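Notes follow once the structure below has been shown.
Any read-out appearing in this document is the output of simple, stated calculations on the displayed coordinates, not a laboratory observation. All figures in this text were calculated on a predicted structure; none of them were measured in a lab. Here the Cβ positions follow ideal geometry from the backbone for every residue, glycine too, while neighbour counts run over all protein chains shown.
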Amino acid sequence: MKKRIKNFSFILLGVLVLIFILNNYIKYKNPFYEVLWISDAPGASERFVTFTPVLKSNPSIKLGETVGADHAKLYFEDVDSDGEKEAIIETKTFLNFDDMTTPEKHILKCTKNKTGKLKFIETI
């Protein structure tokens, strides 16, 4: 009986780890197939991180402004429940012990103009 409970707990733990991994994979996977996000750390240290959306086929074409934050991470989530994911650039707070960090969150909405060109616009 104890062996069954032990086996069940290992299986349950494995399933929970798998769910956690898949959730993070989906959250950080770029849903915009035509877009490449260029990451840069323009300061003297790598504390401030910026992201610039560019066209994957021609990286010299910017699709929006460069946006950054202290210890930033980029992920994608449907914030306004319209069925389209937005790009979110946010300060990483997990295990961040820097007292000088200012938490920031930037939400970039993907829009298309009349010619079908993608453009990322920061929303409030």
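Once the chymotrypsin sites (Phe, Trp or Tyr not before Pro) in DSSP loops with at most 13 neighbouring Cβ atoms within 10 Å are cut out of the chain, the longest remaining piece is 34-93.
Can you give the helix-only mean residue ellipticity at 222 nm for the chain, where every DSSP H stretch with n ≥ 4 adds -39500 (n - 2.57) and the sum goes over all residues, rounded to the nearest 500 deg cm²/dmol? Don't jump to the answer; show the numbers that get you there.
Working: 1 runs with 27 residues, N = 124.
Calculated from helices alone, the mean residue ellipticity at 222 nm is -8000 deg cm²/dmol.
Only beta bridges with both residues in the stretch 31-123 are counted; by DSSP, about 95 percent of them are antiparallel. Kirkwood radius and radius of gyration were both taken over the C-alpha atoms of the chain, and their ratio Rg/Rh is 1.12. Using alpha carbons only, how many degrees (0 to 90, rounded to 10) separate the axis of helix 2-28 from the longest principal axis of the chain? Here the helix axis deviates by roughly 0 degrees.
Within the chain, the longest segment free of exposed loop sites, counting GluC sites (Glu not before Pro) that fall outside DSSP classes H, G, I, E and B and have at most 16 other Cβ atoms within 10 Å, spans 1-33. One decimal place: the segment VAL15-LYS73 gains 18.3 nm when fully extended, by the rule 0.36 nm per residue minus the C-alpha distance. When only Cα pairs below 8 angstrom with a gap of at least 6 residues are kept, the stretch 39-83 shows a relative contact order of 31 percent.
Find out how many positive minus negative residues lie around ILE124, taking Lys and Arg as positive, Asp and Glu as negative, among other residues whose Cβ is under 14 Å from that of ILE124.
That works out to -2.
Once C-alpha pairs closer than 8 Å and six or more residues apart are averaged by separation and normalised to the residue number of the stretch 41-124, the relative contact order reads 22 percent. When the trypsin sites (Lys or Arg not before Pro) in the stretch 1-86 are filtered for DSSP coil states and for at most 15 other beta-carbon atoms within 10 Å of their beta-carbon, the remaining sites are LYS29, ARG47, LYS56.
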